[in-house]
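Novice: Below you'll find the structure I mean.
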Amino acid sequence: MSEISPKQASYLALAAYSIKQNLEDLEVPLALRNDFSFKDMITGTSGGFFFRPETGFALLGKGKSERYKNDLVLAFRGTAGLADGITDLTCSGKGTDTGETVHSGFQTTFYSMRKGLTRFLRDNPVTANGTIHCVGHSLGGALATLVANWISASPEFKGRVNLYTFGSPRVGMKSFSINSSSRISTHFRCVNGADPVTKAPVWPFYHVPYDGSEYILNRAQGLFPSAHFMAEYSSYTQTATWDSLGFQKASSTFKRVVLNYENRLQVTPSADWADKISAALLTLLVDGGAAASVFALQNVGSAIATIYDAIARSIVKISELSSEFSERVKGLLGHMLVFVGKGANIGIKFTYSFIRWVFELVLSKLNQAVKAALKTTF
């Protein structure tokens with residue numbers, strides 16, 4: 001099996017940022033120079049005919065060493081234009097060629113790049129023995145994920161498809177996560193513990209791979225913009241083997257979590273607690289019999305704001321089912337309030353307006369951290 005090393009993958013992700021206008025700007029580090037030559041670049045855009053801001057970029061290379069002579073590398077980066085959409089609560093889902101729903105901003109940018117990518121892949125065909133390596137940091141990781149899924153599903157293209165991401169946001173809904181995870185040959189998902197971008201967009205978006213497999217490079221707690229820097233990721237990947245990195249299956253989102261109101265003071269504004277709160281919310285919806293209606297909204301690509309509006313209304317009904325459920329709702333809301341720094345003494349109300357207000361506080365908290373991280377990146 002052909003795979004590129006952590007060091008090579010991080011250098012490819014960095015290289016995608018180094019080019020401004022053409023390939024002459026590219027400074028190829030030694031770790032890549034002996035194995036790959038870079039043939040082309042593609043720019044992705046969005047918007048209308050008269051205003052088409054750049055939203056994505058791809059650096060395209062071909063293997064030249066004995067080990068990689070049958071391989072291609074596709075390294076992606078996002079831009080400030082694409083960054084605006086990741087925290088937009090009115091942003092809806094968009095269908096893929098494979099029938100699943102993904103973030104509309106990511107999919108639109110991918111569509112704008114697909115023609116150029118198709119031309120490159122046809123001009124440089126990979127055999128069944130070759131591998132196409134898709135690499136990206138941040139929003140580039142989202143684009144790399146969509147491209148890896150598209151290539152893997154296409155009967156036109158041969159070979160394995162490996163996906164390498166650093167600090168990637170969530171890309172699509174549950175069905176996309178499950179199906180693309182099985183299509184793509186191998187995943188190397190790298191995260192830093194305090195990177196806020198990996199927690200966006202919020203549920204019902206999911207990461208790829210679906211089972212939560214990831215390489216955790218730094219286990220710092222909190223939500224810090226600096227944890228998202230590609231240079232920060234690169235500092236932990238100066239190694240030739242993936243086995244030397246910390247591997248885990250981050251499955252907290254899939255665990256049953258019930259939050260006790262009396263324990264709310266243990267909450268910290270961290271990525272770990274963001275996952276626990278999401279898991280507790282999902283557990284409550286399932287146990288309260290409201291999951292099906294919410295999942296129906298995500299399946300048709302409804303906007304995040306619409307989904308959380310429906311969740312707020314569902315939680316009001318759940319709180320009325322029994323005293324046990326009202327206590328669980330109280331525990332969830334109490335933990336959310338401490339997460340956003342509102343203190344532990346706000347009286348909990350089981351009304352739609354109060355619950356929607358708490359949701360807005362949490363979403364705003366996460367989105368502010370994500371925006372700060374992306375602002376320093378693009």
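Each reported figure results from applying straightforward, stated rules to the coordinates on display, with no laboratory input. Everything quoted here is computed from the prediction, not taken from an experiment. Every residue, glycine as well, gets a Cβ built from its backbone with ideal geometry; the counts of neighbours run over all protein chains shown.
Novice: What is the fewest-to-most order of Trp242, Trp357 by other Cβ atoms lying within 10 Å of their Cβ?
Specialist: Fewest-to-most Cβ neighbours within 10 Å comes out as Trp357, Trp242.
Novice: Quick check on the chain: helices-only [θ] at 222 nm, where DSSP H runs of length 4 and up contribute -39,500 (n - 2.57) each and the sum goes over total residues. Nearest 500, please.
Specialist: Helix contribution divided over all residues of the chain: -13500 deg cm²/dmol.
Novice: As a test, work out the antiparallel percent of DSSP beta bridges whose residues both lie in the stretch 6-250, rounded to the nearest 5.
Specialist: Given both bridge residues lie in the stretch 6-250, the antiparallel proportion sits at roughly 55 percent.
Novice: Name the most mobile residue of Asn149, Asn129, Asn345, meaning the one with the largest mean-square fluctuation, in a Gaussian network model of the chain with Cα contacts below 10 Å.
Specialist: Among Asn149, Asn129, Asn345, the largest GNM mean-square fluctuation belongs to Asn345.
Novice: Same structure, new question: Just want to confirm a number: the relative contact order over the stretch 300-378, from Cα pairs under 8 angstrom separated by 6+ residues, in percent.
Specialist: Values: 45 pairs, mean separation 22.8, N = 79.
Worked out over the stretch 300-378, it gives 29 percent.
Novice: Let's see if you can work this out: charge +1 on each Lys and Arg Cβ, -1 on each Asp and Glu Cβ, no other charges. What is the dipole magnitude of the stretch 6-250 about its Cα centre, in debye to the nearest 20? If you can, show how the numbers build up before the last one.
Specialist: Values: 24 positive and 19 negative charges, 81 e Å.
Dipole of the stretch 6-250, to the nearest 20 debye: 400 debye.
Novice: Could you tell me the extents of the stretch 278-349's C-alpha atoms along the three principal axes, largest first, rounded to whole Å?
Specialist: Extents along the principal axes: 38, 27, 19 Å.
Novice: With an 8 Å Cα cut-off and a minimum separation of 6 or more residues, compute the relative contact order for the chain in percent. Intermediate values should be presented prior to the final figure.
Specialist: Working: 771 pairs, mean separation 56.7, N = 378.
Worked out over the chain, it gives 15 percent.
Novice: Does the stretch 226-311 come out rounded, prolate or oblate, given a ≥ b ≥ c as the square roots of the eigenvalues of its C-alpha gyration tensor, rounded meaning a/c under 1.5 and, failing that, prolate meaning a/b above b/c?
Specialist: The shape class here is prolate.
Novice: Of Ser326, Phe359, Ile315, which is farthest towards the positive pole of the stretch 308-378's charge dipole, taken about the Cα centre with +1 and -1 on the beta-carbons of Lys, Arg and Asp, Glu respectively?
Specialist: It is Phe359.
Novice: Can you sort Ser319, Ser226, Ser168, Ser181 so the residue with the fewest Cβ neighbours within 10 Å comes first? Each step should come with its number before you reach the end.
Specialist: Details: Ser319 24, Ser226 14, Ser168 27, Ser181 18.
Starting with the residue having the fewest Cβ neighbours, the order is Ser226, Ser181, Ser319, Ser168.
Novice: Still on this structure, I have one more. I need Asp35, Asp272, Asp71 ordered by Cβ neighbour count within 10 Å, fewest first. Spell out each step's value before the answer.
Specialist: Details: Asp35 20, Asp272 16, Asp71 26.
Ascending Cβ contact count within 10 Å gives the list Asp272, Asp35, Asp71.
Novice: What shape does the stretch 6-250 have by the C-alpha gyration tensor, where a ≥ b ≥ c are the square roots of the eigenvalues, rounded means a/c under 1.5, and otherwise prolate means a/b greater than b/c and oblate the rest? Mind dumping the intermediate values first?
Specialist: On the way: a/c = 1.27, a/b = 1.08, b/c = 1.18.
Taking the square roots of the gyration eigenvalues as a ≥ b ≥ c, the stretch 6-250 is rounded.
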